[in-house]
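Okay, structure first, notes after.
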2 protein chains.
Amino acid sequence: MTTKPPADPRRPLTLRDVSEASGVSEMTVSRVLRNRGDVSDSTRERVLEAARTLGYVPNKIAGALASQRVNLVGVVIPSLSNLVFPEVLSGISQELEETGLQPVFGVTDYNQDREEAVLYEMLSWRPTGMIVAGLEHSDAARAMLQNAGVPIVEIMDVDGEPVDSVVGISHKRAGLEMARAIVKAGYRKIGFLGTKMPHDHRARKRLEGFEAGLAEAGLTLADTEFYSGGSALLKGREMTEAILKRSPDLDFLYYSNDMIGAGGLLYCLDKGIDVPGKLGLAGFNGVDLLDGLPRRLATMDACRREIGRRAAAIIAGRSESGLVGGERIELSPTIQLGDTIRRTS
Amino acid sequence: MTTKPPADPRRPLTLRDVSEASGVSEMTVSRVLRNRGDVSDSTRERVLEAARTLGYVPNKIAGALASQRVNLVGVVIPSLSNLVFPEVLSGISQELEETGLQPVFGVTDYNQDREEAVLYEMLSWRPTGMIVAGLEHSDAARAMLQNAGVPIVEIMDVDGEPVDSVVGISHKRAGLEMARAIVKAGYRKIGFLGTKMPHDHRARKRLEGFEAGLAEAGLTLADTEFYSGGSALLKGREMTEAILKRSPDLDFLYYSNDMIGAGGLLYCLDKGIDVPGKLGLAGFNGVDLLDGLPRRLATMDACRREIGRRAAAIIAGRSESGLVGGERIELSPTIQLGDTIRRTS
DNA sequence: AGCCCCTTTGATTGCGCTATCACCACGTAT
DNA sequence: ATACGTGGTGATAGCGCAATCAAAGGGGCT
């Protein structure tokens, strides 16, 4: 059988073209290409051959409309330049790999209006499920998610009221526990260095938890320093220099993330400051960048990849088994003292 | 006017629901929601009000099928854990922001089979255009891209034959120029440290260019060291230690990326090695991480954000103006000598 | 032979939307 | 008066596919 080329070479191919080329009905072609229903081996071969030589690519738009099923999972995150989120995405991708589901990413830049727009856009493709970073959304966004009629998983954070399911860690508790560890190690004059992003709710919660932990020991933050934008490592250096110049008697610096913490550590080593004797340091995240530093920064693992995996599993699982949802998974970040907190043992 | 709730509360809303709630035809609702055609202000208000209170979200699947237009741009990259690609994505996002086009990302893990699968999946959504990292694809993948009938932009690399348009830098030339700079600075016993990924064609081309540059001065690589996986910073340390132990007389180390270069730099500073006097170092990429290091590593900017922007602009531009395509944009990375190459001046 | 059952294939319908054209009610020009 | 726009609206058809049911072609059984 000769495969005749389509009439108009620039007209996109359809099932009909494959059907004509292989001499069977469109329905049978559809069945072959989706591996669904019984088709004899001989026709299957013929159809696949025709599809291959034509270079046919199915039109999922039409397929999705007809079947009311879409293999997409919307993933909404605040940023890509954070190093944290790519790892979450990676966990999601990995878990979804074998399910036939496809993640689609959207970035909000920590901006609620952008988030609303991205959610609207994504929901308009009628995805199988949504994974959204954080629990804080505009009312309109919450309403959209609630009405979407598909599983919603909010990730990263568990301190708040989820729309549906939630997978994350308690950033409040993370801050609290780090404060306790620092106090226990004997540090008393403690400074905080972080970002100036009012919409990074997780950083805010860590700070709140941290202050609560200090309060347990009757302490308050001795000084704080904030930044925004730029190379985090460099900012860590600069902020550390600034805060130590202003408050030379600090004996501990808590950084809101590992990158600025690493910058601070490099600064202290440069200056020959005795770490952790005279000055202790800690960050947050457990990025593996830290493994390469001259000294291991104290930190707390945020379970990023695991969060992605579990969230994806909920979507994937729920899309098969018609579960009702509302799962709540709180992971426990483990504190790693590294070499920048005095060991009290 | 009271907006009656939909009959079945779990049935997804359609244009018909909004049309009934607002007392106009579906067509008029469609026009209002897309801001197309003339609609009187009073009806527009009524329709928007109804849509808002119902919480209607349009179904783009149906819309795309009917209009044969899809506002998606497929973006295919090899990895997210590389720090380089998130920046490219960021450039793409930014450029696409105002065009109504939406990027959709797919990750191949430097695997040609995965790439083929991801391309097939993406093309089946009939995107407005595709941005694909690299020029090396399987025959099937090339064929798919060629037949897609939409603008294709291959990015990062210009050393090869593009399917359609291409935006990137010459990695061969980047390697070559770095080699020349190193030779000119007087280094002679030069080692290379890189990844063991046979499918990272850009790293390979840089190495080829680099060796060609050495050859101009009658030199060859004195030693090489490869790694795969793990924390790049730590690997940089370990590899540097290994290669220097094996070949203590090396006077320069060229790293295939900045992260391992940074690890190497930290190692050398730890060991008190005279950089750049006794030993010169250079990386590749110009990641802003380097700004925070104790000494600035020599490197070469890969124009990542710019590449993303230009690629997106081609898609956006071509989707309006029915241009024919085939653009070729070669950006020029600038060498930054930093503090780890001797200044010959 | 007549029956049933199973496998394989095809015809029809509709998913939710937009393109297109038709239509109506007004003006305004001729 | 007739013709002709023009802003506003609705009716109809169809995008490319999959769900569904109908039908055709074999066996194997009584």
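The values are calculated or read from the model by the stated rules, or taken from the named source; none is laboratory data. What you see is a predicted model; the values in this text were computed from it and never measured. Cβ placement follows ideal geometry from the backbone for every residue including glycine, while neighbour counts extend to all protein chains displayed. Remember, those area values only see protein heavy atoms, side chains included, never the ligands or the DNA or RNA. Shrake-Rupley method; radii C 1.70, N 1.55, O 1.52, S 1.80 Å.
Inter-chain Cβ neighbour count for A:50-63, averaged per residue, equals 4 (cutoff 10 Å, partner chain atoms only).
Structure remark: mean-square fluctuation, Gaussian network model of chain A, C-alpha springs under 10 Å; the largest value among A:311, A:66, A:143 belongs to A:66.
Overall, the protein assembly as shown carries a charge dipole of about 320 debye about its Cα centre when +1 sits on the Cβ of Lys and Arg and -1 on the Cβ of Asp and Glu, all other atoms neutral.
Within the shell defined by Cβ-Cβ distances under 15 Å, the residues around residue B:188 carry a net charge of 0, with Lys and Arg each +1 and Asp and Glu each -1.
Decide, for region A:168-307, between rounded, prolate and oblate: order the square roots of the alpha carbon gyration tensor eigenvalues as a ≥ b ≥ c, take rounded if a/c falls under 1.5, and otherwise choose prolate if a/b is larger than b/c, else oblate. Cα axes put region A:168-307 in the rounded bin. Note: relative contact order over region A:171-302, using C-alpha pairs below 8 Å and six or more positions apart, is 24 percent. Remark: region A:60-74, residue by residue, has Karplus-estimated 3J(HN,Hα) of 5, 5, 5, x, 5, 5, 6, 9, 6, 10, 10, 8, 9, 10, x Hz, where x stands for each Gly or Pro and the curve is 6.51 cos²θ - 1.76 cosθ + 1.60 at θ = phi - 60°.
Rounded to the nearest Å, what's the spacing between the alpha carbon centres of region A:50-126 and region A:177-197? Just the number, please. Here the two parts' Cα centres lie 39 Å apart.
Amide H to amide H distances under 5 Å link residue B:79 with B:108, B:109, where only residues 5 or more positions off or on other chains count and H is placed in the peptide plane.
Of B:173, B:206, the order by accessible heavy-atom surface (1.4 Å probe, DNA, RNA and ligands excluded), from most exposed downward, is B:173, B:206. Ordering A:124, A:150, A:92 by the projection of their Cα atoms onto the charge dipole of region A:92-210, which places +1 on the Cβ of Lys and Arg and -1 on the Cβ of Asp and Glu, puts A:92 at the extreme positive end.
Take every DSSP beta bridge with both residues inside chain A and express the antiparallel ones as a percent of the total, to the nearest 5.
Bridges in chain A that DSSP calls antiparallel: roughly 5 percent.
Helix A:232-246 and the longest principal axis of the Cα set of chain A meet at an angle near 20°.
A label point on residue B:140, set 7 Å along the Cα-to-Cβ line, lies at 4.4 nm from each of its counterparts in the other copies, closest listed first. Among rounded, prolate and oblate, which fits the protein assembly as shown when a ≥ b ≥ c are the square roots of the eigenvalues of its C-alpha gyration tensor, a/c under 1.5 means rounded, and a/b larger than b/c means prolate? Oblate shape, in that a/c is at least 1.5 and b/c is the bigger or equal ratio.
What's the center-to-center distance, using Cα atoms, between region B:198-216 and region B:218-271 in Å? Cα centroid of region B:198-216 versus Cα centroid of region B:218-271: 17 Å apart.
What translational diffusion coefficient, to the nearest whole µm²/s, does chain B have by Stokes-Einstein, given a Kirkwood radius computed over alpha-carbon pairs, a temperature of 37 °C and 0.692 mPa s viscosity?
143
Among B:42-55, A:190-203, the peptide with the highest mean count of other Cβ atoms within 10 Å heads the list, and the full ranking is A:190-203, B:42-55.
The mean number of partner chain beta-carbon atoms within 10 angstrom of a residue's beta-carbon across peptide B:80-88 is 4. Peptide B:251-263 has a mean shielding of 1, counted as Cβ atoms of other protein chains within 10 Å of each residue's Cβ.
Would you compute, from DSSP H runs of 4+ residues alone, the mean residue ellipticity of the protein assembly as shown at 222 nm, taking -39500 (n - 2.57) per run and dividing by the full residue count, rounded to the nearest 500?
Mean residue ellipticity, 222 nm, calculated: -13500 deg cm²/dmol.
In the assembled protein chains, residue B:288 presents an accessible area of approximately 90 Å² (probe radius 1.4 Å). Bridgeable lysines around residue A:189 (alpha carbons under 17 Å apart, same-chain partners fewer than 8 residues away excluded): A:245, A:278. Extending 7 Å from the Cα toward the beta-carbon at both residue A:36 and residue A:212 defines two label points whose distance is 4.9 nm. Averaging the Cα positions of each part gives two centres, and for region B:281-308 and region A:277-292 these lie 23 Å apart. Sorting B:187, A:227 on solvent-accessible area from highest to lowest, probe radius 1.4 Å, gives A:227, B:187.
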